[in-house]
1. Could you figure out which of (1) assigned to a helix (DSSP H, G or I); (2) hydrophobic (A, V, I, L, M, F, W, C); (3) within 12 Å of chain A (Cβ to nearest Cβ) isn't true of B:ALA61?
2. Report, by residue number, each residue of region B:133-178 that is closer than 21 Å to B:LEU27 by Cα, crowded, with 24+ Cβ neighbours inside 10 Å and more than 8 Å from chain A (Cβ to nearest Cβ).
3. Mind listing whichever residues of region A:105-133 are within 15 Å of A:LEU84 (Cα to Cα) and without any contact (Cβ under 8 Å) to a residue 12 or more places away in the chain?
4. Identify, please: which residue in region B:198-248 is polar (S, T, N, Q) and surrounded by fewer than 23 Cβ atoms within 10 Å (Cβ to Cβ) and is, among those, farthest from B:ARG100 (Cα to Cα)?
5. Identify the residue in region A:91-132 that is of a type in the set (A, V, I, L, M, F, W, C), within 18 Å of the chain's Cα centre (by Cα) and over 18 Å from A:ASP28 (Cα atoms) and, among all such residues, is nearest to the other protein chains (Cβ to nearest Cβ).
6. Among the helices (runs of 4 or more DSSP H) contained in region B:244-294, which hold 2 or more residues that are under 13 Å from B:ILE228 (Cα atoms)?
7. Can you pull out the residues in region A:66-110 that are closer than 22 Å to A:ALA190 by Cβ and touching a His at 6+ places or on another chain (Cβ under 7 Å)?
8. Within region B:15-54, take every residue that is closer than 21 Å to B:LEU326 by Cβ and at pLDDT 95 or above and give me the one that is farthest from the other protein chains (Cβ to nearest Cβ).
Number of protein chains: 2
Amino acid sequence: MTPVVPAAVEAARGLVEPVLREAVARLDPITARVAAYHLGWADASGRAASHGGKALRPALAVLSARAAGGDAARGAVAGAAVELVHAFSLLHDDIMDGDRTRRHRPAAWTVFGEAEAILAGDALLALAGEVLVEQDAPGFVGAARVLGRATRGLIAGQGLDLAFERRDDVSLEECLEMSARKTGDLLACACAVGATAVGGPAPLVSALAAFGAEAGLAFQLADDLLGIWGSPAATGKPVLSDLRARKKSLPIVAALTGGAPAAAHLARLFARPGPLSEEDLRTAARLVEEAGGRDWAETEAKHRLDAAGRHLADAGMPSDVRADFLDIVLFLTGRDR
Amino acid sequence: MTPVVPAAVEAARGLVEPVLREAVARLDPITARVAAYHLGWADASGRAASHGGKALRPALAVLSARAAGGDAARGAVAGAAVELVHAFSLLHDDIMDGDRTRRHRPAAWTVFGEAEAILAGDALLALAGEVLVEQDAPGFVGAARVLGRATRGLIAGQGLDLAFERRDDVSLEECLEMSARKTGDLLACACAVGATAVGGPAPLVSALAAFGAEAGLAFQLADDLLGIWGSPAATGKPVLSDLRARKKSLPIVAALTGGAPAAAHLARLFARPGPLSEEDLRTAARLVEEAGGRDWAETEAKHRLDAAGRHLADAGMPSDVRADFLDIVLFLTGRDR
């Protein structure tokens, strides 16, 4: 089942996409082509296509501006910058992780080459900064600061993720830290940056950032559960993909470090050289469940969602904006993508 | 012979390096380690070392602030941001181009891995923006705009460079465009960004940018000449390295497209599959010279240097600052690195 995309996301897209397209149009033809493919606007030969992501982060940025009583259009500019950082990170992560598929299509680096994909990611990251600093309204310098810090966090999280691949002693705490940086920081930024851009009050900006950080972790937990038990048709990834890649995702680390008897069995399976067979993968999924990884992740996601809700309740904003925020977060954490 | 580093460069380093070190210290330990190695501050194991570049671009940024009658310390902040973009671009270019050596040391990606080096480059690029937007003085938003445009140009130039590798019909005009973007844009930025940061007048900023753009091309021409006829001890690259890599550098493209009889011979040599022997390389260097590539590049570099000098003369500034600018440019274009 694919739940209906929230109305606030659809509405935001109409504001954000023109900003994004105008920004990408400034790039040189070589990186623009890779960027347009990666963003889902074009196929490999450059013909117009429509494979874009759901653009949930920009929608959060638009709501963030509205929460502060500000202009949605300014939120859309901030949201476009966040989406450019998100796109850059996916483009580079796919290269670093050797992932060949992104949103049901070949990853950009497999189509255009690794060097071209590195360069296009660089271009998107640089463009994100430009989109903010070229605005004259004073709140955008603050927005650029918020986005800069989040980008640094995102990069720190990816650094931990790379380091974890070479270690077999990753603790659950470290794994949560990695997710907080890699996913939470940019989601927190998306939720706070619009309010910052329109000059919203500091307590609102803080509450929105805290809301986004918790929602980001809930989303990551949901995503990690899908990486084991999601359907390939919906996720665009092979079945049991995180197990196949022996990825140290949250449910897997929770299982490995939880002390249940199944954990030792799972660790032996993961330590075995060579690729895991389909039967091994099914066994591994069962062991994660037996060792409590699935329960832990589901409970933790619920706690994070509750915490997000409390931060949202603390933040003063029009009730329709609050409802739209909740819609998006439930969509992010509940959907079977 | 290694000419003496200009005094203005030494003086600027004392202002710029603390800003750079403070910025890099904010990075997570994983990317900070790669960055410190790449910047020459640490060896592969993380021990303090001293292999830094000459930091000519930050010195130009400091002079740029002084040209506008501004505070050298503000120029140093702008210069640190330019140096971070320069460092990012070298880090990623080495990966894209497969270059294994940088400043007489193994390139960072060969030491820490490709993924880690991609990520560290991302971190340096993001940090460059942060360093500027976190400043409260109003000129820094302008500086961030100038640096953003230059970064976009630099990336466009690298895109052309990558594309040229797959083509054997590159015109001299295209090759000049590539160098103007890849080298000229960031040098123009370095020369203009300090004046922008201290709120200098637009005509001064424009003249400084024009000076830097011409100086950048002169530097690239000098660098391309060294890529063929420079000594490995001084350049840190193998002898005849650009010919070995069949790089479409300016003297080589000038030779190939100049219509001299030697051009056809050179083109046949370049079109031959497999690596070129040492004798082939010496023959190729002779053919570039016979086909007029060396003369053209030397003359063109002189013209660019003259043009740079005219732009500098047009820009009103204290005479000691002008003298320092000239010193650095002559060092950049004349030294046998």
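1. Unmet condition: (3).
2. B:LEU147 - this is the single residue of region B:133-178 that is closer than 21 Å to B:LEU27 by Cα, crowded, with 24+ Cβ neighbours inside 10 Å and more than 8 Å from chain A (Cβ to nearest Cβ).
3. A:ALA126, A:VAL133 - these are the residues of region A:105-133 that are within 15 Å of A:LEU84 (Cα to Cα) and without any contact (Cβ under 8 Å) to a residue 12 or more places away in the chain.
4. If we take residues in region B:198-248 being polar (S, T, N, Q) and surrounded by fewer than 23 Cβ atoms within 10 Å (Cβ to Cβ), then B:SER206 is farthest from B:ARG100 (Cα to Cα).
5. Per the stated criteria, the residue is A:MET96.
6. B:250-257, B:278-290
7. Of all residues in region A:66-110, those closer than 22 Å to A:ALA190 by Cβ come to A:66-94, A:102-103.
Within region A:66-110, A:ALA87, A:LEU91, A:ARG103 qualify.
8. Restricting attention to region B:15-54, the residues satisfying the condition of being closer than 21 Å to B:LEU326 by Cβ are B:15-16, B:53-54.
Those still in the list that are at pLDDT 95 or above too: B:15-16.
Numbers: B:LEU15: 22, B:VAL16: 20 Å.
So the residue we want is B:LEU15.
The values are calculated or read from the model by the stated rules, or taken from the named source; none is laboratory data. Values in this document were obtained by computation on a predicted structure and should not be read as measured data. Positions of Cβ are generated from backbone atoms using ideal geometry, with glycine treated the same way; all protein chains shown enter the neighbour counts.
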